[in-house]
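**Q** Can you read through this structure? Questions will come right after.
Please treat every number below as a calculation from the coordinates, not as lab data. Bear in mind that the values here come from a model prediction, so they are computed numbers and not experimental data. Positions of Cβ are generated from backbone atoms using ideal geometry, with glycine treated the same way; all protein chains shown enter the neighbour counts.
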Ligand code: SF4
């Protein structure tokens, strides 16, 4: 597992701070561990100053140094396609119109609000839907900005669910985290607090710290939505992170993004969802890749996503099959998509296509 870092003492390897302090951010730094392809070298050069690169030693250690198409490499090492005007021409920096009056705050559904706490991430995922926010450097919201957000939530009594995101919301200091959570918990109409975090995947060491976990436990109910995209990302460390969260009463759900070359294969997805259930993470969403400038090269067809969920049915329990959804541009909401199993309908008689092969006549009789 620690492949390139066998000499690093275990105590440091298990430290989140060490992981963050030793992130690889340059081409030269990366070449110390991996023989980059000319394509990757050009990708790093051409995206410099536009879309930053940072990779934790932990996430780097998951890469196959021999395989340029390794799914971890594709998610973490810049590619020239990110800045190819032809490929990216139909993408937009902010297709969901997230930016509003209060910095970092998006209020799309009446009962829910999203707040981005920071523009820092442990790893800058090449497919990120918020690539635009990383262009101005790593920055945590100021106390004044956080107070404006809290004030907004206080004034809107319809908000019962707060999603803290980023960037990486769980990367902020314990003091800032406690400030946000304690103040949210003083607002009577806030029932649920959720974090959209990829730290269980990119730096699970964050959850090896009891003082940090104490804070999450103190402000229960807290939910975590994480973002595993490939079975290779499920490791002993990520399983330990999840276990530690569950023991503190924090449920962990997963949202996967369908990414060309990374996970657009029914068998890869089946393995991913089986492994997630094994570590007690429920896959809730499989998102079609958003039309984001800089990430358009990861997009596949909608048909591919439907084929994948159709393949899963019958091979894994329903608990392991996420809802495949498209997030509509313009902030118009998420649309669930699923295969059609009704092949004919005549009056009260339906013909279903069975996920286990064949067709089944089904009489709908209503009871009065
Ligand atoms: S961790 Fe999340 S917010 Fe950060 S770059 Fe990756 S996908 Fe984007």
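**Q** Can you give the FRET efficiency for residue 109 and residue 243, using 1/(1 + (r/R0)^6), R0 = 30 Å, r = Cβ-Cβ distance, to the nearest 0.05?
**A** Rounded to the nearest 0.05, the efficiency is 0.40.
**Q** Right, another one. Could you grab the relative contact order for the chain? Cα pairs under 8 Å, six or more apart, rounded to a whole percent.
**A** 15 percent
**Q** If you look at just the Cα atoms of the stretch 163-233, how large are its Rg and its Dmax in Å?
**A** 12.5, 41
**Q** Let me know the volume per residue of the alpha-carbon convex hull for the stretch 68-125, in Å³.
**A** Output value, Cα hull per residue: 139 Å³.
**Q** Helix-derived [θ] at 222 nm for the chain: sum -39500 (n - 2.57) over DSSP H runs of at least 4, divide by residue count, nearest 500?
**A** Calculated from helices alone, the mean residue ellipticity at 222 nm is -8500 deg cm²/dmol.
**Q** Another question, then. Report relative contact order for the stretch 177-261 in percent, whole number only (criteria: Cα-Cα under 8 Å, sequence separation at least 6).
**A** That works out to 33 percent.
**Q** I want the antiparallel fraction of DSSP beta bridges within the stretch 88-212, as a percent rounded to 5.
**A** Antiparallel bridges make up about 25 percent of those DSSP assigns within the stretch 88-212.
**Q** Relative contact order, percent, of the stretch 3-85 when contacts are C-alpha pairs under 8 Å separated by at least 6 residues?
**A** Over the stretch 3-85, the number comes to 34 percent.
**Q** For a quick protection proxy, order the peptides 60-66, 131-137 by their average other-Cβ count within 10 Å, most packed first.
**A** 60-66, 131-137
**Q** Please report Rg (one decimal) and Dmax (integer) in Å for the Cα set of the stretch 87-337.
**A** 17.7, 51
**Q** OK, next. What's the FRET efficiency of residue 41 with residue 304 using the Cβ-Cβ distance as r and R₀ = 41 Å, to the nearest 0.05?
**A** Rounded to the nearest 0.05, the efficiency is 0.85.
**Q** Something else now. Classify the stretch 298-368 as rounded, prolate or oblate, taking a ≥ b ≥ c as the square roots of the eigenvalues of its Cα gyration tensor: rounded when a/c is under 1.5, otherwise prolate if a/b is larger than b/c and oblate if not.
**A** Because a/c hits 1.5 or more and a/b exceeds b/c, the stretch 298-368 counts as prolate.
**Q** May I have the extent of the alpha carbons of the stretch 1-44 along their three principal axes, as whole Å values ordered from largest to smallest?
**A** 36, 18, 14
**Q** Then there is this: Specify whether the C-alpha gyration tensor of the stretch 253-352 places it in the rounded, prolate or oblate class, a ≥ b ≥ c being the square roots of the eigenvalues: rounded for a/c under 1.5, otherwise prolate if a/b is larger than b/c and oblate if not.
**A** Oblate is the answer for the stretch 253-352, as a/c is 1.5 or above yet b/c matches or exceeds a/b.
**Q** Still on this structure, please answer the following. For the stretch 3-85, go through all pairs of different Cα atoms, get the mean of 1/r, take its inverse, and jot down that Kirkwood value in Å.
**A** Mean inverse Cα-Cα distance, inverted, gives 13.3 Å.
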